[in-house]
Amino acid sequence: MNLKFLGGAREVGRSGVVLDTGTERVLMDYGIKIVSQAEGPLREPKIPLKVNLNLDAMLLSHAHLDHSGFIPNLYHRGYSGPTYTTATTLDLARILLKDSIKLADLRNQEKHFFPKDLKIMEKNEYRITYGQQFYVGNISVGVYDAGHIPGSVTFHLNTGKKSVVYSGDIKTKDTELMRGLEPIREKTDVLIMESTYGEREHPNRDDQERSLVEKIREALENGGIAMVPSFAVGRAQEILLILEKYGLDKYPIYLDGMSVEATKIILRYPELIKQPKKLEKIFSSIVKVHNNKQRDRLIKEPCIIVTTSGMLNGGPIAHYLEKLYNREDCSLILTGFQVPGSAGRTLMDTGIYVNDNDKFKVRCKLSFIDLSAHSGRSELFDYVKMVDPEKIFVMHGDSCEEFADELKGKGYDAYAPKIGEVCEI
Ligand SMILES: [Zn+2]
Ligand SMILES: [Zn+2]
């Protein structure tokens with residue numbers, strides 16, 4: 001029995017792992033890695049390694065494109081097997097995947113799948129729920145809440161000989177939007193885990209929330225605009241809840257980009273989030289933005305704009321920055337992990353913003369607030385202790401090898417596989 005790592009190995013992005021038992025083959029996640037336009041305007045997303053299509057199942061942990069973004073390519077190439085995930089993930093992934101086709105069109109990039117492939121995928125979707133157990137051949141699969149975003153799953157696979165946990169992205173502690181993950185109750189031999197924050201502790205969450213509120217207030221009091229770029233799925237809703245919590249909903253708030261549709265979807269599954277009533281309340285009170293005319297009008301007055309994309313790789317934030325980059329009274333507050341190579345990371349490192357059309361120095365006040373939906377370093381160690389596996393494969397991080405070494409130092413058998421590597425288990 002072995003695991004093959006198709007992507008997300010010693011990097012964040014394009015996750016994909018195949019479990020091959022000799023009789024069953026299961027693919028867990030199949031995503032893309034969005035890279036910046038810094039090295040040319042038509043930079044293609046990085047794709048995972050090609051997989052043999054004799055798969056018995058595709059298991060999707062959650063909607064984010066670094067996990068879901070390449071699944072339609074399987075159907076494009078002729079795969080006709082099932083994709084298992086939660087209903088929420090399917091709804092959210094659908095809008096992200098449609099948008100990725102649109103974006104490839106817009107940028108004249110190579111297309112790896114088309115709307116018709118999304119339709120084939122839809123026909124082969126199987127909706128699963130937390131606490132459920134289902135079978136892929138002889139493998140029994142358990143479904144746990146991963147606490148990362150609405151609908152996110154950690155899979156527990158029992159092959160009869162070995163039990164394997166694929167963490168997906170995990171958050172052990174509560175946030176405003178989510179309850180922390182559900183502990184794994186079954187025995188686990190092999191753990192495949194994310195390690196996004198393996199090298200870093202998150203700062204105190206309350207301090208970060210207050211700092212966000214302060215920075216927004218400061219911009220508004222100076223007559224400026226507070227731009228809060230955020231991922232459409234998860235982060236945008238978290239920010240809305242924080243704005244509500246601290247009474248900032250008395251100011252004009254605009255929600256832009258795919259965050260609008262994503263929030264609508266999330267509100268259809270109130271049982272998966274911690275404060276559905278509060279999210280409903282703020283979502284109904286704010287203004288949703290749909291076009292450039294509206295954008296150009298709203299920036300005439302001080303306001304708060306929550307918009308995509310979270311790493312500044314396109315989306316309406318590009319339009320706002322083109323208009324506002326020279327204004328020192330405005331604030332740009334990044335709220336999520338900025339992958340090396342993303343436009344957001346480039347801006348943080350150089351002060352220069354590069355997008356499809358332009359390249360310029362940003363004079364707005366730039367800051368970073370950590371509102372991560374990933375477990376911090378000590379949470380990851382707590383997680384390992386809770387799962388208590390015999391063997392650990394560390395992936396989905398910038399410092400996978402270092403984190404694996406640290407786990408070894410604590411007595412665990414841990415390893416950070418390379419992309420393309422096949423590991424016997
Ligand atoms: Zn994620
Ligand atoms: Zn991820």
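When you look at Ile139, is it away from ligand 1 (no atom under 16 Å from the Cβ), more than 22 Å from the chain's Cα centre (by Cα) and under 19 Å from Ser68 (Cα atoms), yes or no? Before the answer, list the steps.
On the way: away from ligand 1 (no atom under 16 Å from the Cβ): yes; more than 22 Å from the chain's Cα centre (by Cα): yes; under 19 Å from Ser68 (Cα atoms): no.
Answer is no for this residue.
Output the helices (runs of 4 or more DSSP H) that fall wholly within the stretch 296-411 and possess 2 or more residues being basic (Lys, Arg), or say none. Let's see the steps before the verdict.
Numbers: elements: 316-324, 343-350, 377-387, 400-409.
Correct list: 377-387.
Please enumerate the residues belonging to the stretch 177-199 that are closer than 24 Å to Leu241 by Cβ and more than 17 Å from the chain's Cα centre (by Cα). If you could, list the steps in order and put the result at the bottom.
So the first thing to find is which residues in the stretch 177-199 are closer than 24 Å to Leu241 by Cβ, and the list is 177-182, 194, 196-197.
Answer for the stretch 177-199, where residues must be closer than 24 Å to Leu241 by Cβ and more than 17 Å from the chain's Cα centre (by Cα): just Glu182.
Only strands (runs of 3 or more DSSP E) wholly contained in the stretch 1-80 count here; list those with 1 or more residues that are more than 22 Å from Asn108 (Cβ to Cβ), open to solvent by less than 40 Å² (accessible area, probe 1.4 Å) and among the polar types (S, T, N, Q).
Details: elements: 2-7, 16-20, 25-30, 57-59.
Counting at least 1 such residues, we get 2-7.
For the stretch 235-266: of the residues being over 19 Å from Ser211 (Cβ atoms) and open to solvent by 30 Å² or more (accessible area, probe 1.4 Å), which is farthest from the chain's Cα centre (by Cα)?
Going through the stretch 235-266, the residues over 19 Å from Ser211 (Cβ atoms) turn out to be 237, 250, 252, 254-266.
Now narrow it down to the ones that are open to solvent by 30 Å² or more (accessible area, probe 1.4 Å): 250, 252, 254, 258, 261, 264.
Details: Lys250: 30, Pro252: 27, Tyr254: 22, Met258: 14, Glu261: 16, Lys264: 18 Å.
Checked the stretch 235-266; the qualifying residue farthest from the chain's Cα centre (by Cα) is Lys250.
Given the structure, is Lys278 open to solvent by 10 Å² or more (accessible area, probe 1.4 Å) and part of a helix (DSSP H, G or I)?
Numbers: open to solvent by 10 Å² or more (accessible area, probe 1.4 Å): yes; part of a helix (DSSP H, G or I): yes.
Against the criterion (open to solvent by 10 Å² or more (accessible area, probe 1.4 Å) and part of a helix (DSSP H, G or I)), Lys278 qualifies.
Taking Tyr383 as the residue in question, decide whether it is touching a residue at least 24 places away in the same chain (Cβ under 8 Å) and closer than 22 Å to Arg217 by Cβ.
On the way: touching a residue at least 24 places away in the same chain (Cβ under 8 Å): yes; closer than 22 Å to Arg217 by Cβ: no.
In short, no.
Considering only residues of the stretch 204-234 that are acidic (Asp, Glu) and closer than 27 Å to Gly180 by Cβ, which is surrounded by the most Cβ atoms within 10 Å (Cβ to Cβ)?
Start the filter on the stretch 204-234 by keeping residues that are acidic (Asp, Glu), which leaves 206-207, 209, 214, 218, 221.
When the remaining residues are screened for being closer than 27 Å to Gly180 by Cβ, the result is 206-207, 209, 214.
On the way: Asp206: 8, Asp207: 11, Glu209: 20, Glu214: 12.
Per the criteria, the residue is Glu209.
Does Ile352 satisfy the condition of being without any contact (Cβ under 8 Å) to a residue 12 or more places away in the chain, out of contact with any Asp or Glu (no Cβ under 6 Å at 6 or more places or on another chain), among the aliphatic types (A, V, I, L, M) and on the phi < 0 side of the Ramachandran plot?
Criteria met by Ile352.
The values are calculated or read from the model by the stated rules, or taken from the named source; none is laboratory data. Bear in mind the structure is a predicted one, so any value in this text is a computation, not a measurement. Quick reminder, even Gly has a Cβ in these numbers, built from the backbone with ideal geometry, and neighbours come from all protein chains shown. For accessibility, only protein heavy atoms count, side chains too; no ligands or nucleic acids. Shrake-Rupley method; radii C 1.70, N 1.55, O 1.52, S 1.80 Å.
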